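Asker: Take this structure, written in structure tokens, and hold onto it; I'll ask about it next.
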Amino acid sequence: MTLDLFEKFNTTIENFNQLPSGELNPFTVVMDKVISPTEAIINGRKTILAGTNNYMGMTYNKQCMDAAIEALNTFGTGTTGSRVLNGTYNGHKKLEASLNDFYGTDHAIVFSTGYQANLGVIATIAGPKDYVVIDADSHASIYDGCAMGNATIVRFTHNDPENLEKRLARIRRKDPEAGILVVIEGVYSMLGDQAPIKELAEASKKHDAFVLVDEAHSIGVFGQTGRGVAQEQGVEHLVDFTIGTFSKSVGTVGGYCVSNHPKFDVLRLVCRPYVFTASLPPSVVASATKALELIKDSNLRVKLLENSMRLNKGLADAGFNMGTTGESPIAAIIIDEQNTAIAYWQMMMQEGVYVNLAVPPATPNGLNLMRCSLSAAHTFEQIDYMLEKFISVGKNLAVL
Amino acid sequence: MTLNTSEIFDQICEIMTPFNIKAISIKTGTTFASDLELDSLAVMDMLAAIEDHFDVTVPLNILPDLETVGQVAEAIKTILDE
Ligand SMILES: Cc1ncc(COP(=O)(O)O)c(C=O)c1O
């Protein structure tokens, strides 16, 4: 008997089939029309978007859109090629120069997504004799970068410098010469907690390890000029590689890595997720370049954190079991039962509020979350509406 | 002092007590997933406790090969002997 390759997915298929179909399924949402960074038409209903990572509301910024349209008209819809062949336009070089300007770094490489940036950088710079030491709650792209490479992978307890230090000491004792890359995130996206970069990086430096910080959820949001948590904590000098994405605050798509390492640019030749894929379309590149410029000088992050604090505080005051504190743009309510969380999500949709239903394995500690990512573009009115609906649905479901 | 595999196994059984919620008797062939019903998170926590106890690094890379308690004991023995 030949084995069906898809047999291994039977449990996944069964679990998925148990979810309600159509508009009540949390994982098959279709945006029929998008009205603004904070509103869309879903299932014919006007819906407030409270789970889209659109932190700065950049997706409809007039200047970004104009820049994209101009690039589209001048350079066409796509590059149809790799960065190392025909896929580097002057816009890509300008964007990399903007990133260096934004971060004050010597080298910047743009990838087609943030996922590929993690995949490429981690898998390439850590070789068979090296170690990658990652936070246990790392994003899938970090885990996948580890799986793609040949290094030895070690995990440390989430945000625990002492645990990291212990693991580094063990590695060093066995292997005094090995190259070590420590990978952390500026903000962890599910519970919005910041890494104690100073302590983690100091432990790393004590054992001569390189430090990579993924600022996917913190670019634009933290730091005086929006560089992220390392800037906020005043420890950029301890960070060797910063990775980020254009798919959240920057409002488009793409990823990057910046560094002062003198040999950094060799990655353009050896990093397969950079070489063997087509480069970003010119319009995307142009809007990302414009957004970076705007983010640097804007005070949108103040408004964003004000919005987040308003929702977090409102929910906490109402008596919800919160996973977040309001210090990042995430608000997450912890729901004990997964079925209650699914029902909660459905009822919020019927009230015209889109949030994320976040369940394991995407969440830490097996938590079920009703997760919101706030935007600077949300009005207080919208936030108060979300709050009202969270409370009425919460009472309905006896969560409150 | 070098430990043999059965001494390592005994120590692992002790470390596993808090993870053995059903209090089943642990043998070398006891599996984490079906016998002990541990999810991947619990397995990782348990391995961290084992790493700390023996003061060794168990790379994430070998995790897929560790399905039974006996296999972990053997892996720790190999790492300690290196
Ligand atoms: C921490 C982290 N790194 C990387 C990524 C991937 O970013 P992108 O959407 O650009 O692939 C994400 C977003 O999902 C993320 O949360």
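Asker: Considering only residues of segment A:95-129 that are open to solvent by 10 Å² or more (accessible area, probe 1.4 Å) and in contact with a Leu (Cβ under 7 Å, 6 or more places away or on another chain), which is nearest to the ligand (Cβ to nearest atom)?
Answerer: Pass one, segment A:95-129, residues open to solvent by 10 Å² or more (accessible area, probe 1.4 Å): A:97-98, A:100-101, A:103-107, A:112-116, A:119, A:123-125, A:127-129.
Now narrow it down to the ones that are in contact with a Leu (Cβ under 7 Å, 6 or more places away or on another chain): A:98, A:112, A:124-125.
Numbers: A:SER98: 17, A:SER112: 9, A:THR124: 16, A:ILE125: 17 Å.
Result: A:SER112.
Asker: Considering only segment A:126-185, state which residues are in contact (Cβ under 8 Å) with a residue 12 or more places away in the chain, out of contact with any helix residue (DSSP H, G or I) (no Cβ under 9 Å at 6 or more places or on another chain) and in a loop (DSSP other than H, G, I, E, B).
Answerer: A:GLY127, A:PRO128, A:LYS129, A:ASP130, A:ASP175
For (1) within 10 Å of chain A (Cβ to nearest Cβ); (2) among the polar types (S, T, N, Q), each residue gets a yes or a no:
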site	(1), (2)
B:THR17	no, yes
B:LYS27	no, no
B:THR30	no, yes
B:GLU51	yes, no
B:ASN61	yes, yes
B:ASP65	no, no
B:GLU74	no, no
B:GLU82	yes, no
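Asker: Taking segment A:186-203 as the region of interest, how many residues are polar (S, T, N, Q) and either assigned to a strand (DSSP E or B) or within 18 Å of A:GLN231 (Cβ to Cβ) (or both)?
Answerer: 1
Asker: Also, I was wondering about something else. Report, ordered by the first and then the second residue, all pairs with beta carbons closer than 8 Å, sequence separation of six or more or different chains, a first member in segment A:335-350 that is more than 13 Å from A:LEU24 (Cα to Cα) and at pLDDT 95 or above, and a second member that is assigned to a helix (DSSP H, G or I) and open to solvent by less than 80 Å² (accessible area, probe 1.4 Å).
Answerer: A:ILE335/A:ALA341; A:ILE335/A:TYR344
Asker: Please state which of the following conditions A:LEU367 fails to meet, knowing it meets all the rest: (1) under 30 Å from A:ILE35 (Cβ atoms); (2) within 14 Å of another protein chain (Cβ to nearest Cβ); (3) touching a strand residue (DSSP E or B) at 6+ places or on another chain (Cβ under 7 Å).
Answerer: Against the list (1) under 30 Å from A:ILE35 (Cβ atoms); (2) within 14 Å of another protein chain (Cβ to nearest Cβ); (3) touching a strand residue (DSSP E or B) at 6+ places or on another chain (Cβ under 7 Å), A:LEU367 comes up short only on (1).
Asker: Same structure again: Is at least one residue of segment A:223-231 polar (S, T, N, Q) and crowded, with 24+ Cβ neighbours inside 10 Å?
Answerer: Of the residues in segment A:223-231, the ones polar (S, T, N, Q) are A:224-225, A:231.
Filter once more, keeping what is crowded, with 24+ Cβ neighbours inside 10 Å: none.
No, there is no match, as no residue in segment A:223-231 is polar (S, T, N, Q) and crowded, with 24+ Cβ neighbours inside 10 Å.
Asker: Any residue in segment A:236-248 that's away from the ligand (no atom under 13 Å from the Cβ): show its pairings with residues that are of a type in the set (D, E, K, R) at Cβ separation under 8 Å, as long as the two are six or more apart or on different chains.
Answerer: If the second residue must be of a type in the set (D, E, K, R), the pairs left are A:GLU236/A:ARG227; A:LEU238/A:LYS198; A:LEU238/A:GLU202; A:LEU238/A:LYS205.
Asker: If you don't mind, there's one more thing I want to ask. Somewhere in segment A:286-308, is a residue out of contact with any strand residue (DSSP E or B) (no Cβ under 9 Å at 6 or more places or on another chain), in a loop (DSSP other than H, G, I, E, B) and on the phi > 0 side of the Ramachandran plot? Steps first, answer last, please.
Answerer: Of all residues in segment A:286-308, those out of contact with any strand residue (DSSP E or B) (no Cβ under 9 Å at 6 or more places or on another chain) come to A:286-287, A:289-307.
Right, trim to in a loop (DSSP other than H, G, I, E, B) and you get A:298-299.
Of the ones still in play, those that are also on the phi > 0 side of the Ramachandran plot are none.
No; the residues of segment A:286-308 include none that is out of contact with any strand residue (DSSP E or B) (no Cβ under 9 Å at 6 or more places or on another chain), in a loop (DSSP other than H, G, I, E, B) and on the phi > 0 side of the Ramachandran plot.
Asker: Moving on to the next point. Could you pull out the residue among A:VAL183, A:VAL213 that is within 12 Å of the ligand (Cβ to nearest atom), open to solvent by less than 10 Å² (accessible area, probe 1.4 Å), within 14 Å of chain B (Cβ to nearest Cβ) and under 20 Å from A:ASP130 (Cβ atoms)? Even if it seems obvious, please write down each step before you answer.
Answerer: Details: A:VAL213 fails: within 14 Å of chain B (Cβ to nearest Cβ).
Result: A:VAL183 is the single residue among A:VAL183, A:VAL213 that is within 12 Å of the ligand (Cβ to nearest atom), open to solvent by less than 10 Å² (accessible area, probe 1.4 Å), within 14 Å of chain B (Cβ to nearest Cβ) and under 20 Å from A:ASP130 (Cβ atoms).
Asker: Taking segment B:1-44, which residues are among the aliphatic types (A, V, I, L, M), closer than 24 Å to B:ASP81 by Cα and part of a helix (DSSP H, G or I)?
Answerer: At the first step, the residues of segment B:1-44 found to be among the aliphatic types (A, V, I, L, M) are B:1, B:3, B:8, B:12, B:15-16, B:21, B:23-24, B:26, B:33, B:36, B:38, B:41-44.
Okay, now just the ones that are also closer than 24 Å to B:ASP81 by Cα, so B:1, B:3, B:8, B:12, B:15-16, B:43-44.
Within segment B:1-44, B:ILE8, B:ILE12, B:ILE15, B:VAL43, B:MET44 meet the criteria.
Asker: Can you list the strands (runs of 3 or more DSSP E) lying wholly within segment A:9-114 that have 2 or more residues being farther than 26 Å from A:THR340 by Cβ?
Answerer: Working: elements: A:33-36, A:39-42, A:45-49, A:107-111.
Output list reads A:33-36, A:39-42, A:107-111.
Asker: Also, quick follow-up: Report the residue count in segment A:216-235 for those that are outside any helix (DSSP H, G or I) and either under 16 Å from A:LEU300 (Cα atoms) or within 15 Å of the ligand (Cβ to nearest atom) (or both). Give the derivation first.
Answerer: To start, the set of residues in segment A:216-235 that are outside any helix (DSSP H, G or I) comprises A:216-228, A:233-235.
If we keep only those that are either under 16 Å from A:LEU300 (Cα atoms) or within 15 Å of the ligand (Cβ to nearest atom) (or both) too, we end up with A:216-228.
Count: 13.
Asker: Looking at segment A:46-86, which of the residues that are open to solvent by 70 Å² or more (accessible area, probe 1.4 Å) and more than 26 Å from A:GLU293 (Cα to Cα) is nearest to the ligand (Cβ to nearest atom)?
Answerer: A:THR80
Asker: Can you name every residue in segment A:314-364 that is in a loop (DSSP other than H, G, I, E, B) and closer than 19 Å to A:HIS139 by Cβ?
Answerer: If we filter segment A:314-364 for residues that are in a loop (DSSP other than H, G, I, E, B), which is where we start, we get A:319-321, A:323-329, A:336-337, A:351-352, A:355, A:359-363.
Scanning segment A:314-364 gives A:GLY323, A:THR324, A:SER328, A:PRO329, A:VAL359, A:PRO360, A:PRO361, A:ALA362, A:THR363.
Asker: Given A:PRO329, A:PRO360, which one is in contact with a Gly (Cβ under 8 Å, 6 or more places away or on another chain) and within 14 Å of chain B (Cβ to nearest Cβ)? Spell out how you get there, then give the answer.
Answerer: Working: A:PRO329 fails: within 14 Å of chain B (Cβ to nearest Cβ).
On inspection, the qualifying residue turns out to be A:PRO360.
Asker: Please verify whether A:LYS205 is within 11 Å of chain B (Cβ to nearest Cβ) and more than 23 Å from A:THR113 (Cα to Cα), treating the condition exactly as stated. Outline the logic, then answer.
Answerer: Working: within 11 Å of chain B (Cβ to nearest Cβ): no; more than 23 Å from A:THR113 (Cα to Cα): yes.
Here the answer is no, as A:LYS205 does not meet what is asked.
Asker: Here is a check on your reading of the model: is B:THR57 without any contact (Cβ under 8 Å) to a residue 60 or more places away in the chain, within 14 Å of chain A (Cβ to nearest Cβ) and not in a helix (DSSP H, G or I)? Write out each step before concluding.
Answerer: Values: without any contact (Cβ under 8 Å) to a residue 60 or more places away in the chain: yes; within 14 Å of chain A (Cβ to nearest Cβ): yes; not in a helix (DSSP H, G or I): yes.
When the stated conditions are applied, B:THR57 passes them.
Asker: Any idea which residue in segment B:32-53 is nearest to B:VAL69 (Cα to Cα), counting only those that are over 10 Å from the mean Cα position of the chain (by Cα) and not hydrophobic (A, V, I, L, M, F, W, C)?
Answerer: B:ASP35
Asker: Looking at A:ALA216, A:ALA230, which is the one that is in contact with a strand residue (DSSP E or B) (Cβ under 6 Å, 6 or more places away or on another chain) and more than 19 Å from A:LEU119 (Cα to Cα)? Quick ask: steps written out before the conclusion?
Answerer: Details: A:ALA216 fails: more than 19 Å from A:LEU119 (Cα to Cα).
Going through A:ALA216, A:ALA230 in turn, the sole match is A:ALA230.
The values are calculated or read from the model by the stated rules, or taken from the named source; none is laboratory data. None of the values given here were measured: they were computed from a predicted structure. Note: ideal-geometry Cβ built from the backbone for every residue, glycine included; neighbour counts use all protein chains shown. The accessibility values were calculated without ligands, DNA or RNA, using every heavy atom of the protein model including side chains. Shrake-Rupley method; radii C 1.70, N 1.55, O 1.52, S 1.80 Å.
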